[in-house]
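The values are calculated or read from the model by the stated rules, or taken from the named source; none is laboratory data. Since the model is a prediction, treat every value here as computed from it, not as a measurement. All Cβ positions, even for glycine, are placed from backbone atoms using ideal geometry, and neighbour counts span all protein chains on display. All accessible areas refer to the heavy atoms of the entire protein, side chains included, with ligands and DNA or RNA removed. Shrake-Rupley method; radii C 1.70, N 1.55, O 1.52, S 1.80 Å.
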Amino acid sequence: MAVITSPISIFSFLAILTLAQAQSELIFTVVNNCPFTIWPALLPNHGFPVLEKGGFPLSSLTHRSFPVPNTHWAGRIWARTGCTYTNGRFSCASGDCGGRLECNGLGGQIPATLAQFSIHHGNRDHSAYGVSLVDGFNLPMTITPHEGKGVCPVVGCKADLLRTCPEPLKFRGPHGNGPVVGCKSGCAAFNTDELCCRNHFNSPKTCHGSSYSEFFKHSCPATFTYAHDTPSLMHDCVAPRELKVIFCH
């Protein structure tokens, strides 16, 4: 099973939206504006704690808020869709994390839209946030900072790319025979060194966008679409009280 593998080092290339964190508590809020239940999932980087047991169900038009650790934390959030219990086994059509409701440190199946974070606390520390389509797309997603100072833009992808996904990139479930539930990256679809930015192509000088990454970039310019994508926007957002991850719009 393919899993989310895009490196968090992409933060050095994120449309890096830096946040000078205040001493007051910062919270994550996950919002489901989709007309169906989703199952948000959270995966910390190595060495950081799992938040909210790594996953939970979230009904349509509801939200869930929880505190960010008051020490450095880095990781990502995505949504699982089409989850069911069949013969006593939990599984999801997209974003599945090994058949668990609570991912608890397990990564998710690609393709999946990712919100990526690196949260620092302190007077002069900064954090980064951004939305990545490097591992493909399964739901529209944006990140909105609240009560920050300075330039604090909303970033992400509001378009439903499942409707326009090129045929070679379509990901169908279950078992590849159902409806389109994801749009794969060129890397996932063709597994070449060039599209995956592997080996000789694993550097900013040799890793470039492709017609497949441009499909994502054209519809969602404020996202990252290949491993060494360069930032098109730089913004400072000082001391937000909340980082809101919104699915569907």
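Ranking Y85, Y212, Y226, Y129 by solvent-accessible area of protein heavy atoms (1.4 Å probe, all protein chains present), from largest to smallest, gives Y85, Y212, Y226, Y129. For the residue pairs K170/K205; K158/K205; K149/K205; K149/K244; K184/K205, the C-alpha atoms sit more than 27 angstrom apart in K170/K205; K158/K205; K149/K205.
Between the alpha-carbon centers of segment 203-220 and segment 141-182, tell me the distance in whole angstrom. What the calculation gives is 16 Å, centre to centre.
Taking only protein heavy atoms into account and a 1.4 Å probe, give the accessible area per residue of segment 131-191 in Å². Could you put the intermediate results ahead of the total?
Details: 2730 Å² over 61 residues.
Accessible area per residue: 45 Å².
Surface composition of segment 77-189: carbon and sulfur make up 48 percent of the accessible area, probe 1.4 Å. Please give the net charge around G54, taking every other residue with its beta carbon less than 12 angstrom from that of G54, where Lys and Arg add +1 and Asp and Glu add -1. Net local charge, G54 excluded: +2. Backbone phi angles across segment 173-183, fed through the Karplus curve with coefficients 6.51, -1.76 and 1.60 (θ = phi - 60°), yield HN-Hα couplings of x, x, 6, x, 10, x, x, 6, 10, x, 10 Hz in residue order; Gly and Pro are listed as x.
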